[in-house]
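Where a number appears in this text, it was derived from the coordinates with a stated rule and is not lab data. Only a predicted model underlies this, so the values are computations on that prediction, with no experimental measurement involved. Positions of Cβ are generated from backbone atoms using ideal geometry, with glycine treated the same way; all protein chains shown enter the neighbour counts.
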Amino acid sequence: MVFTGWGSAVISAGEHPVSAVSPESTRVGWIGTGVMGRSMCEHLVAAAYPVTVHSRTAGRAQPLLDGGAAWAPSPAAVAAASDVVFTMVGFPSDVREVVLGPAGVLTTLRAGGVLVDMTTTEPSLSRAIDEAARARGAASLDAPVSGGDVGARNASLSIMVGGDATVLERVRPLLELLGKTIVHQGPAGSGQHTKMVNQTLIATGLIGVCEALLYAHRAGLEPSAVLASVGGGAAGSWSLQNYAPRMLSGDFAPGFMVEHFLKDMEITLAEARRMDLALPGLALAHELFLALRAQGGARDGVHALIRALASLSGVDWR
């Protein structure tokens with residue numbers, strides 16, 4: 001398959017890629033300005049790329065517009081004005097609507113254009129999008145991320161990419177504005193499968209962080225002293241370093257919302273069932289997060305899990 005566009009560059013599979021991406025030659029579209037999406041798009045605006053943005057809630061895009069981005073009334077309008085379109089929305093249903101819907105990206109994305117879906121969604125949906133993009137002479141990548149709101153603000157995300165490796169190399173300069181770790185995982189859908197691995201690690205690891213803090217609390221230990229001892233040893237982790245202080249201060253503002261994490265776990269468990277794979281640890285985490293949602297925590301950050309676990313022992317956690 002040969003991809004053309006952005007001037008005279010032509011890159012075909014098997015060739016050494018020569019990137020044509022630059023602020024002078026590449027128009028960028030961005031759809032989705034939530035907790036992470038807005039910060040990610042800000043990096044592209046700051047790098048002087050011409051950016052056209054659309055969001056379901058227009059007010060969330062205002063800081064981007066103030067920074068020089070242009071507004072488009074629909075995903076189709078974004079794609080019509082762009083060479084590369086990024087999507088960062090919430091649920092698989094949102095991805096279907098903004099990409100495959102009647103006013104979606106693939107109704108207007110030109111031949112040679114690239115769609116980069118950074119939403120965590122179903123691997124099968126990423127494969128369907130890849131097929132639909134190819135039918136238009138365009139290309140798509142599934143590129144979910146890890147690193148939360150902190151990684152989005154600091155442009156230090158880990159980006160897991162599925163799709164054609166040649167297409168990845170072509171848009172890599174854009175991804176490098178968003179993350180520090182960019183790894184090609186395989187064909188379409190592979191980025192999503194890798195994100196499911198990531199979410200399984202986080203879900204089960206968060207249980208350990210919460211239980212450890214509850215133990216320290218009940219034992220009467222000083223939390224900061226405990227973290228100083230365990231954080232730099234074998235028990236250390238990103239979740240312990242970033243979430244434990246928030247748990248202790250009672251700051252449950254979302255870097256990543258519980259309702260979105262539940263979606264991710266449900267995708268993972270469905271894929272596991274399809275592969276005849278038992279994941280009892282993840283199933284337990286899913287049940288605990290369901291309890292947290294039932295307690296009113298759907299839009300809290302995932303580290304609010306400590307509240308659900310605390311309630312099991314009669315602990316009133318802030």
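Secondary structure note: in the chain, about 25% of the DSSP beta bridges are antiparallel. Peptide packing: for 122-135, 22-35, the average count of neighbouring Cβ atoms within 10 Å per residue gives the ranking 22-35, 122-135, highest mean first.
A simple spin-label model places pseudo-atoms 7 Å from Cα toward Cβ; at A298 and E211 they are separated by 2.9 nm.
Amide H contacts for I182 (H built 1.01 Å from N in the peptide plane; partners 5 or more residues away or on another chain; cut-off under 5 Å): I159. Each label point was placed 7 Å from the Cα along the Cα-to-Cβ direction; for Q241 and R110 their separation is 4.4 nm. The helix-based estimate of mean residue ellipticity at 222 nm for the chain, built from -39,500 (n - 2.57) per DSSP H run of four or more residues and divided by its residue count, is -13500 deg cm²/dmol to the nearest 500.
Is segment 16-188 rounded, prolate or oblate when judged by the Cα gyration tensor, a ≥ b ≥ c being the square roots of its eigenvalues, rounded requiring a/c under 1.5 and prolate requiring a/b larger than b/c?
Rounded, since a/c falls under 1.5.
Here the label points at A47 and V183, each 7 Å from Cα along the C-beta direction, are separated by 2.1 nm in the simple model.
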